[in-house]
Every structure is written in structure tokens, then in C-alpha cells.
1. Taking Cα pairs under 8 Å and at least six residues apart, what relative contact order does the stretch B:269-404 come out at, in percent?
2. Could you tell me the calculated FRET efficiency between A:Thr2 and B:Asn238, based on Cβ-Cβ distance and R0 = 51 angstrom, to the nearest 0.05?
3. Could you state how much accessible area B:Arg9 has, in square angstrom rounded to the nearest 10, with a 1.4 Å probe and all protein chains kept in place?
4. Looking at the stretch B:1-28, which residues lose a minimum of 50 Å² of accessible area between their chain alone and all protein chains in place, measuring with a 1.4 Å probe and not counting ligands or nucleic acids?
5. Which residues in the stretch A:124-160 place their backbone N less than 15 Å from a point set 7 Å from the Cα of A:Arg112 along the Cα-to-Cβ direction?
6. Summarise the partner chain shielding of B:385-397 as one whole number: the mean count of Cβ atoms from other chains within 10 Å of each residue's Cβ.
7. Roughly how far apart, in whole Å, are the Cα centres of the stretch B:6-68 and the stretch A:60-126?
8. When chain A is treated as a GNM, springs tying every alpha-carbon pair under 10 Å, which of A:Leu29, A:Leu242, A:Leu305 comes out with the largest mean-square fluctuation?
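The values are calculated or read from the model by the stated rules, or taken from the named source; none is laboratory data. Since this is a predicted model, take the numbers as computed values, not measurements. Methodologically, a virtual Cβ is constructed for each residue, glycine included, from the backbone with ideal geometry; neighbour enumeration extends over all protein chains shown. Accessible surface is based on the protein model in full, side chains and every heavy atom, while ligands, DNA and RNA are left aside. Shrake-Rupley method; radii C 1.70, N 1.55, O 1.52, S 1.80 Å.
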Protein chains: 2
Amino acid sequence: VTPPLDGVRVLDLGTRIAAPFCAGLLGELGADVIKVEQPGRGDFLRGLGPFVATEESASGAVGHSLYWAVEGRGRRSVTLDLGKPEGAGLLRRLAATADVVCENFRPGTLERWGIGPGDCDPSLVWVRISTYGQDGPYSPRPGLDRVGVGFGGLMHLTGEPDRPPVRVGVTISDYLTGAMAANAAIAALFARDARGTGEGAVVDAALYGSVLRVLEWTLVAYDRLGVVRGREGNRLANSAPLDNYPTADGKWVCVVAGSDANFARLCEAMERPELATDPGWATTAARVSKVDEVNELVAAWTRSLTAAEVVDRCVAHDVPVATAHTAADIFADTHVAARGDLVTVEDPVIGATRQQAPFPRFVGEPVVAPAGAPLLGAHTREVLGSLLGLDDDALDRLAAEGIT
Amino acid sequence: VTPPLDGVRVLDLGTRIAAPFCAGLLGELGADVIKVEQPGRGDFLRGLGPFVATEESASGAVGHSLYWAVEGRGRRSVTLDLGKPEGAGLLRRLAATADVVCENFRPGTLERWGIGPGDCDPSLVWVRISTYGQDGPYSPRPGLDRVGVGFGGLMHLTGEPDRPPVRVGVTISDYLTGAMAANAAIAALFARDARGTGEGAVVDAALYGSVLRVLEWTLVAYDRLGVVRGREGNRLANSAPLDNYPTADGKWVCVVAGSDANFARLCEAMERPELATDPGWATTAARVSKVDEVNELVAAWTRSLTAAEVVDRCVAHDVPVATAHTAADIFADTHVAARGDLVTVEDPVIGATRQQAPFPRFVGEPVVAPAGAPLLGAHTREVLGSLLGLDDDALDRLAAEGIT
């Protein structure tokens, strides 16, 4: 059936991850997303690897970015030089046809160009993503995902206790901020159109702020107990066995069996049922008093088996377990295949690509593959022609003058 | 003004993080959230530390959970034994007053109790969160956050290349799944009420699926290049300097200066301007060819300064930088204070607590502190009385029979 955000139009003025991801989520829920890019250059991700070699790349260019092929999908591309008055004017006219604008310039940039919220219709919903937020003393500072992760306190918590902090393996503050900003944007549309206020809203989403929000008990424990939470690697205080364990085929499996019930099941899986009733092993208190010994017991077992064997035996006894999947594991997985978690996206340059599916899904609705990431400006004429009524002469002039 | 989801009612049937977080996000956007908990036991988080000692704890109990104090905030608590027919019947009546139901039982549980989507009004929006999703061969398996992170491929990418994979420092698949499921739920409300379909929806959100969605180029690069992406620690191929660097006061600072422009600015900050024009240092290619030397240059500089000094000098030259903040750093930070990112939540047991603010915020609207996490069943009589019209006798009987 019709997707939920059908009829909603989103302008994506962003670059890299956070704002484009937010716009993309709205698109995967059914919105029409139009990306506005700098003529001749476009989104920064277009130039970030890894690359697939293309015809041009043989002659010196780098090829086609697979990063862009994922994060640029599901939208049309219009080029517009927002720093020029005529470009800004066209953006204001485009915005008048839209419901949501997503952007992640440094605060103040849109205002300098005359295309901020105050320059547009108050019924628009704005998603403004930035490292430090739209106000406050650090607001003008440069930044990006890693700054959000570090400043927001997640970097300090990630990694092993006796090693330096380590970043999360993907740009998690970009993604989390984009996802949570999308919540606020859709809620604002709901208020505007379902509750009928008719009013837009301006969402101020700082990368570090989304990270703060998911710090669990870290902040309140400092406030009330003076506890400065540190890194714990894969273990948790007062829980064993719980770790990533090595397997005979060089993989790692996460086994979660810290509770007495799960430990008893794991003992069955390990064919050591006597430990489940042994006072030296059966209780959390006993196991926590010899954490290393408990983890070594499990590691010795996992080292004797392949990851698939460990998983099978744990599953047979209802113990939570997962292999630390590589991309190859994900492509080979039965469940991933059965669920259709990899969709084929037709890229306009490199053709069929298999990518992660839109998330989440609706029960009873098919998973739809987004359109491939567009060529820079592929839809400039189509969009400015149909939405703004510009004719061929006007479009030719704009292109010739470098406005589009 | 009125928050965007004012008038929306959400039932939170979840436990631990993912579904309760989703419900909490809707609550922070203005929805009325009613948590339904097992009589006598309640949400699992109520029993997870860290704890603040309370009167009872002196006599043996563990005290009041700070984890619960954060994740349980912003909702009312009703006890109801859903496994008993009368409890299930009351849940169906409560659901008839609601717009959204959030749950994260193992798939099939609600159906077994006769309170699944098919048992309730089709105008309801359901958020069903589970480790593996509502269908597919692994759907019945046990799991939790770490399984989502491992199975979804993020564990393998996080950590140092020569060490085992490491978990993200917080339950990131719970949070990410909850946030993205909230998107779909609000979009479904929008379709139902603003587009006027009148139809509900059932969101199927698997923990591993949200993780897949944010894997960047990991999957498509395997598909098209056969590349199995690995861990890179804090560095990225083809970018230097970029790492966490140690400081004289025992902290870590993330400095992001891999581009030539940022490197030139960092050279100014380090008072080594000559390097910015030295062919051995000035280009990305030159720096990548001697990554360790480049990072050691920066580390030698950061080790001579406090983290605050490194940040000040980088900021003065517009270089992206952040200290890997601890909880203590966050409480001491000027920008966090100016933005009001810590709010005072009045907990019914332990009083004023400072916690992370709702996220994101709307420009021009005050940040509102959520209500404190409720005592188990504190609102049972109020909710069942006002919404279902139960009188005191009926409420007394339900309590006496262990239904509430």
C-alpha cells in the first residue's frame, strides 16, 4: 500500500552523513527527497572511497564511490549554488513546495545566504544538524561525527579498560542524530497536519546531544554517586561468562550467559552439566569472584569448535549468542536471506548493487529497494522545470551561469 | 507551546531498553506514555545497577537503580499480569484507548496471551522490537543488544585491528532500533491521522536490522569488490593525522586533521607552520606514506599539553577536536551547561537527579525535564480508574487476585 509519508516533500541540503541520512529515512518511509548540491562538486561523499573503477577512472579519476552509492540512494539530485543570490532565490521557491528541509551546515551559514528558517514559510519543518547545536559558546566550532562521539562521552566508554578509547566502527553520532532528528521532524509534521496547527518547527540536533541521550546511567551515576564510568571492553561488572570468545575458525562469538539460568543452559551446551549445580560455579557471586577462570572455561570450549558449531550448540540450549559477523558472514547468512535484508539497488553508474534494506519494515508490506544514488544534477531540469515552471531557456541560462 | 505528540497515547509493554526507549522518545515529544509491568516484579532494569542506597537497602535490598531512574522516566506505571486472561482483557481495553503500543517480547508471546495486533483494533500502531525480527528462521532465538551488534556486523568493525572486536560502550542496537522504530511509528500516525487513512500499522524492528542499516559502505563493498571490511581502531585508511592522542593530564583528545587544509591549520596550532608547505608533509599522499610518523608528531605535541590546552589551540585554528569526555568532563563543560543538556529529574525515591536532556530540541521551546521514573504500579488505580472506569471495589479485587 501507499507508504506513510507519501505526499511529503523533503529538501536535503546536507552533505556527508547526518542530514542526508535523516532525509533518506524520511524517503524510505515514502517522502519525495530532493537533494540540493553544489554545482560541479556535489556531496563530499561522492569523493570518498571505497571506489569501483569506472571508465573515467582509467583516465585518472578515482571511480565511483560506494559510500555515496549507499548514502545517496533514494533521492533526486538538483544542483544549485546557494551562495549566489539567484541560487538562494530558487532554493526559497523550492522550499515553498516542500514540507521538510534537512541541513547540516555550520550554524549561521543558511542565514548568511538568506535561506534560513526566517527567510522561508513558517509552515516548514527544519532539521538542523550540527556538531555542537545552533547555540551555545562552541556552536561555531568545526566538527564531525568523531567529535560528537568524543564530546558526548561515548568514546571514553568504548574499548578495553587498559587501552586507549576507541571509536565506534561507523559514524554512529551521525546516524543516531539523523534518526532522532527524523523523529522530531515527523512529529512536527503530525502536529502541523494531523492536529492542524499549520505551524512548522525548527529542530536543533547536535551530534553530541544524541550521544548524551544514550549514555544509559553514566551521567546520573556521576551526579549521585560520583562514579566516573570507564571502559569495560566486552565484559560487564558482575556478569560472567559474558565476552567475545575465539573460535577454531578464527572468528569471535559473543556469548551472553551471565545470569544463573543462562549459565546453566550454557553448561548443558558445553556438556558440563555438573557445573550448573556446583556451588563454585552455579551462582553469579561465585562466578564473578573468578571472572577470568569462568571466561577461560568458555574460551577453551569455543576454541575447540567453529563459530557455526558454537552458535548451533548455544541455540539448541536457548543461550543468547552471535558471531561477530563480517560482511561475508552477513551475505552468507540464512536468516538475512530469508528476511530480505539485502536489497538490490540499481546504481546509475555501476548497475546492480546489493545493500542494506530500509529499516524498519512494516508487517505485510514488501521491502522496497530505494532508487540508486543519482548522478550530480541528474534531476535539475526535471525538478526546476516541474516544480518551479522554469522553461528550457531559463534552465540553459542557469546552467551556463553556474547557478545550477 | 504544546508539544507535537500531545494527545497521543502510548502503551509501553517493553522491558530493558529498546521498546521502553522508543516509548520514551514518543513521550519526550509529548505523548502520554503508560508503562504496563508485571505485578511484583516490573521492568528488569529496576533490578540492574548502579544503585543508590535506600532505607530498604540497609535491610538487605540492593537500593534504587540509577539505570531505571533514566530509562524509566517520563511515564506512568500500571501493573497488569498479561499472562492471565483477565489481565489480557484489561490490556485490550487499555489498548482501545491508545494510539501506539511498544513491545519487545520474543515473537509470538503477545499472540499466545491473546493481545497481539490481530486481537486489537486495526487503527493501532504497533512497534514490535525483537533481536531477529518477527519472522525468519532465527526469529524464536533468544537475544539482546549484544547479539544485535554482533549479528548486524558492527562488533566486527569496532576495536583495534590487532585485537579482538569490542562492543560499543552502550547498548547501541537497542537505542538505534528504538529510535528508528519511533520514526516508523510516528510516520504511521501521520498517515492514519493527517492523510486520514484511519489505518494502523505493525512495525517489525529487529535489533540487527538497525545495525545493518548504519554499516556505511561495508556491505556494498563486499558485494562489488569482495572487500571484507575490518577494524581500523581510531584511524582511517588514507587519512592522517587522525587518532586519539594522549595528553599531559592523562586524557585522550581526538584530533581530525587528515585533509590538507586541516593539516595546515593544525601545523599553525602546533607552531610548526613550515610543515604545511613541506612536500614531505603537506599532502595526504605524503602523510599516508608515513602514518606512524605523522601520528607520533601530533602525539608528541599533545603529550606536552593538557587536554584543555590542546582543544584551545586547535579551536583557535579551526581544527576539529574533542576530548574523549568522561562523565566528570561533561558535568564540568561550559557548553553543556549553556545549552542545558543536563536536566533535573525528580525521582520519586531518591529525589533530584541530573540526567541527559530529551533529544532533539525545538528552537524557541524550553527543554522540559521528564517526570521521574515511577514506582512500580504507582498509577495502576489512577489509570484503570480513569481510562477504564473501574471502581474501588474492582481495583481492590484485581490487586488482591494478583492481576494488578
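1. 12
2. 0.70
3. Accessible surface of B:Arg9 is approximately 50 Å².
4. Residues of the stretch B:1-28 that lose at least 50 Å² of accessible area once the other chains are added: B:Pro4.
5. From the stretch A:124-160, the list is A:139-143.
6. Working: counts 0, 0, 0, 0, 0, 0, 0, 0, 0, 0, 0, 0, 0.
Rounded to a whole number, the mean comes out at 0.
7. The two parts, judged by their Cα centres, are 41 Å apart.
8. A:Leu305
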